[in-house]
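Asker: Submitted below is the structure of interest, expressed as structure tokens.
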Amino acid sequence: MHFQFQQLLSLSFIVLLSTYMGTLYLSLGSIFTVLIFVMLVEHLFIYVKEKSVSYISFSSLSTALGVMLMMVTPYVWITMFVTFFALLQKQFLTVERKHFFNPSNFALLLALTLFYKDAHIVLGQLGDTLWLKLVLIVVAMSILVRVDRWVIPLSFTLFYLFFQYHFVISYDPVLIMEDLYHRFYSVSFTLFILFMLTDPKTTPQALHLQLVFALLIAFCATLLDRIYGFRVQHLFMVLFLLTPLVPIMTTYKESKNKKRLLIFTISIFLLALSVIIFIQSQPPYYYEMEN
């Protein structure tokens, strides 16, 4: 079984369980509508790019499911709109066959940029049921071991706990460690760590670079929490900012056109930084979900 198909099955299973438990805000009809749209769009892009369609893109469906599991919006067309451009950049915004952005994360940041009042990243959407989280961990780790990305979630968790305690909780008398642990109770937070943070296309292959990648994500997210207070989107923003640096970290020595790679990477990084500055300048939102 290809790992992308395995990932799709895993996310689909989580969606079905969440729908059954009533923690997912979307109806199955809306979910299938988005998935059909995504399949058509993705394979149209593949045809335009390669002049033929010789395979089924399971990853496009995983992208859409990832967006729907992380984002809440009353308008299904927003989900379709941002996923469209996420798939567009996945197919065409590449250098030496390397991707700059995780497609699901790109869609989420695009939604915050264009539809901040109507689209929100919500970590509590999937609830905090322990058995569902355990199921998620088991199915995710079976994939991460196959693709050799298990180091990232493990090291990120340790780095994140360390940095949050020493640079946030120790300086805020109101916060306690239980507040930090509570984030890990969330199924959506676990989903972010296990699936979005470990995308093989946008993370380093070498183990030592995976450690560096996880450390930077944890440290930069903590730095934003220290300056602005904890906001859900900080982790997603930092991932959006740092993944464009992965291609130059992993392929610069072997690159046939180092100057082009450097200029392209700097341009994408600055664009990502401007997006983050814009989102961070928006007022915090307070979202309450009721079953």
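Asker: Contour minus end-to-end for Ile176 and Ile227, with contour as 0.36 nm per residue of separation and end-to-end as the Cα-Cα distance?
Answerer: Length gained, Ile176 through Ile227: 16.6 nm.
Asker: Same structure again: Which links in Lys49/Lys117; Lys98/Lys258; Lys90/Lys258; Lys133/Lys201; Lys117/Lys201; Lys49/Lys90 stretch past 23 Å when you go from one Cα to the other?
Answerer: Where the Cα-Cα span goes over 23 Å, the pairs concerned are Lys49/Lys117; Lys133/Lys201; Lys117/Lys201.
Asker: Given a 1.4 Å probe, how much area per residue of segment 46-173 is accessible, in Å²?
Answerer: That works out to 44 Å² per residue.
Asker: Which residues' amide hydrogens lie under 5 Å from the amide hydrogen of Asn102, considering only partners 5 or more residues apart or on another chain, with H built in the peptide plane?
Answerer: Amide H neighbours of Asn102: none.
Asker: Related question: Report relative contact order for the chain in percent, whole number only (criteria: Cα-Cα under 8 Å, sequence separation at least 6).
Answerer: That works out to 20 percent.
Asker: Shifting gears a bit: In whole Hz, with x marking every Gly and Pro, tabulate ³J(HN,Hα) for segment 216-230 from phi via Karplus 6.51 cos²θ - 1.76 cosθ + 1.60, θ = phi - 60°.
Answerer: 5, 4, 5, 5, 5, 5, 5, 4, 5, 5, 5, 7, 10, x, 5
Asker: When each pair of different Cα atoms in the chain is counted once in the 1/r mean, what is the Kirkwood radius in angstroms, to one decimal?
Answerer: So the Kirkwood estimate lands at 19.5 Å.
Asker: So if each residue of separation counts as 0.36 nm, and I subtract the Cα-Cα distance between Phe162 and Ile263, what length gain in nm does that give?
Answerer: 32.9 nm
Asker: When the Cα centres of segment 60-121 and segment 191-233 are compared, how far apart do they sit, in Å?
Answerer: Cα centroid to Cα centroid, the span is 18 Å.
Asker: Starting from the alpha-carbon convex hull of segment 186-291, give the projected area averaged over all orientations, in nm².
Answerer: So the mean shadow area of the Cα hull is 8.1 nm².
Asker: So what is the relative contact order for segment 155-228, in percent, with contacts set as C-alpha pairs under 8 Å and at least six apart?
Answerer: 57
Asker: Let's see if you can work this out: charge +1 on each Lys and Arg Cβ, -1 on each Asp and Glu Cβ, no other charges. What is the dipole magnitude of segment 55-143 about its Cα centre, in debye to the nearest 20?
Answerer: Around 160 debye, computed over segment 55-143.
Asker: So, one more: Given labels modelled 7 Å from the Cα in the Cβ direction, how far is it in nm from Leu271 to Tyr20?
Answerer: Spacing of the two 7 Å Cα→Cβ label points: 4.2 nm.
Asker: Here is a follow-up. Determine the relative contact order of segment 195-272: mean sequence separation of Cα pairs under 8 Å and six or more apart, normalised by residue count, in whole percent.
Answerer: 29
Asker: When the accessible area of the chain is split by element with a 1.4 Å probe, what percent falls to carbon and sulfur?
Answerer: 69
The values are calculated or read from the model by the stated rules, or taken from the named source; none is laboratory data. In this text, all values refer to a predicted model and were calculated from it rather than measured experimentally. All Cβ positions, even for glycine, are placed from backbone atoms using ideal geometry, and neighbour counts span all protein chains on display. Only protein heavy atoms, including side chains, enter the accessible area calculation; ligands, DNA and RNA are left aside. Shrake-Rupley method; radii C 1.70, N 1.55, O 1.52, S 1.80 Å.
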